[in-house]
């Protein structure tokens with residue numbers, strides 16, 4: 001027997017008959033009870049030592065390189081820039097995170113001067129890639145400013161030569177042929193919301209006169225998917241109305257040709273704070289909904305993959321960071337994304353601009369990128385998103401997870417989470433446990449999950 005030389009501290013949890021063991025770098029191994037007991041006694045035979053070495057639990061030069069690669073996001077500069085061109089909206093969704101204003105309201109649109117300053121600020125990032133994402137409200141209510149920003153940013157990029165990309169988050173109800181032609185010409189990605197079948201979507205997403213928006217949204221989904229199927233993605237926000245209809249929600253999205261889908265739990269932000277008794281639910285209920293969706297996709301061989309699950313699988317199976325800012329430590333606030341309000345106020349992230357007070361406000365576009373990124377406010381927020389808390393340090397899922405200061409603040413009134421009371425933590429633990437259970441013990445799921453992260457086999 002040999003001592004476990006080269007093995008860093010590990011965390012573990014029992015899943016079915018085996019023990020899942022992970023280290024801080026995201027490497028994992030599934031051990032029998034006997035193997036786990038040998039590891040805990042610090043006595044390994046050659047076979048077990050070799051198994052742990054192959055899994056990356058034993059520190060090698062390969063693992064050291066992995067650590068370096070996983071932390072590249074800390075040094076590249078902010079790449080995602082979310083511009084709120086207007087806070088006005090023609091809808092009043094019951095969970096609206098941004099607490100949008102009536103479409104006739106005044107004083108909530110970005111003007112050309114602020115747009116120009118915002119683009120100038122964005123191009124100060126050292127990142128080689130810039131993704132400018134237009135949000136609202138409903139951004140198409142201020143479409144002329146979208147066109148202005150795209151034109152000005154492209155002109156500016158003639159000097160900087162960055163990898164410049166644009167995307168739009170829209171409810172689609174104000175789409176027309178001219179707008180779509182512009183989006184296609186500019187190679188702009190489009191993301192919309194489709195919350196499931198008509199009765200669910202219309203319960204969640206209503207016009208200002210209380211009519212449901214499903215029919216108008218689906219009409220434009222069909223147009224775009226017919227002519228530009230790779231340009232459009234759909235996000236589903238899960239409310240209480242969705243919970244008993246996991247299969248129906250999946251089938252609705254697949255029926256419109258979507259190959260990638262995302263089921264996002266409703267956040268305690270914006271309008272959702274006032275309607276939580278109507279739309280909210282326990283974290284355990286969301287996990288059950290999530291399991292129902294994934295079980296249906298895999299067991300019934302539905303030709304679609306879940307984006308959120310794929311991000312997690314890349315972290316687990318490939319030990320790589322998929323640039324998903326919500327599951328990084330520190331999270332992507334400021335260092336990965338910044339949000340710019342219609343009046344030029346800069347926030348640490350998209351969710352941060354939705355918090356009623358100024359906790360996540362970093363400054364304005366009249367300042368320099370360097371001044372904002374090195375400010376005490378920014379540094380404090382970044383520190384608050386590092387999952388080095390005691391309970392995180394003891395969690396087997398730590399290397400795949402990340403904290404969200406915004407969720408902590410809105411639900412608990414503090415940037416430092418009380419994890420036993422944190423619904424986000426409960427949801428993520430449930431999802432991680434489910435994924436590992438399926439990976440380790442159910443070959444059909446394991447193969448499907450591996451296909452999702454294999455670029456040769458992706459849908």
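Laboratory data are not the source of any read-out in this text; all were calculated from the coordinates shown. Bear in mind that the values here come from a model prediction, so they are computed numbers and not experimental data. Counting neighbours? That spans all protein chains shown, and the Cβs are built from the backbone with ideal geometry, glycine included.
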Once you have the Kirkwood Rh of segment 25-168 from its Cα pairs, apply Stokes-Einstein at 20 °C and 1.002 mPa s and quote D in µm²/s.
110 µm²/s
Nearest-ten-degree value, helix 423-441 long axis tilted from longest Cα axis of the chain
50 degrees
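Once a ≥ b ≥ c are taken as the square roots of the eigenvalues of the Cα gyration tensor of segment 337-421, is the result rounded (a/c under 1.5), prolate (a/b larger than b/c) or oblate (a/b not larger than b/c)?
Details: a/c = 2.66, a/b = 1.88, b/c = 1.41.
Prolate, since a/c reaches 1.5 and a/b exceeds b/c.
Counting only C-alpha contacts under 8 Å and six or more residues apart, can you give the relative contact order of the chain as a whole percent?
On the way: 794 pairs, mean separation 77.0, N = 459.
Over the chain, the number comes to 17 percent.
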In nm, to one decimal, how far is the modelled label at residue 9 from the one at residue 60, with both set 7 Å along Cα→Cβ?
2.5 nm
To the nearest Å, what is the center-to-center distance of segment 242-302 and segment 166-215, using C-alpha atoms only?
18 Å
Based on the mean of other Cβ atoms within 10 Å per residue, sort peptides 18-26, 343-351, 219-227 so the most packed one is first.
343-351, 18-26, 219-227
Rounded to two decimals, the Debye log10 I(q)/I(0) of the chain (Cα scatterers, no solvent) at q = 0.07, 0.13, 0.14 Å⁻¹ is -0.37, -1.30, -1.49
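Return the percentage of antiparallel bridges among DSSP beta bridges fully within the chain, rounded to the nearest 5 %.
Numbers: 20 of 52 bridges.
Here the share of antiparallel DSSP bridges comes out near 40 percent.
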Between 0 and 90 degrees, rounded to the nearest ten: what's the tilt of helix 214-227 against the longest Cα principal axis of the chain?
80 degrees
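For segment 72-281, what mean projected area does the convex hull of the alpha carbons give, in nm²? Each step should come with its number before you reach the end.
Numbers: hull surface 50.6 nm².
Mean projected area of the Cα convex hull: 12.6 nm².
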Give me the angle, in degrees from 0 to 90, between the Cα long axis of helix 443-453 and the longest principal axis of the Cα atoms of the chain, rounded to the nearest 10.
50 degrees
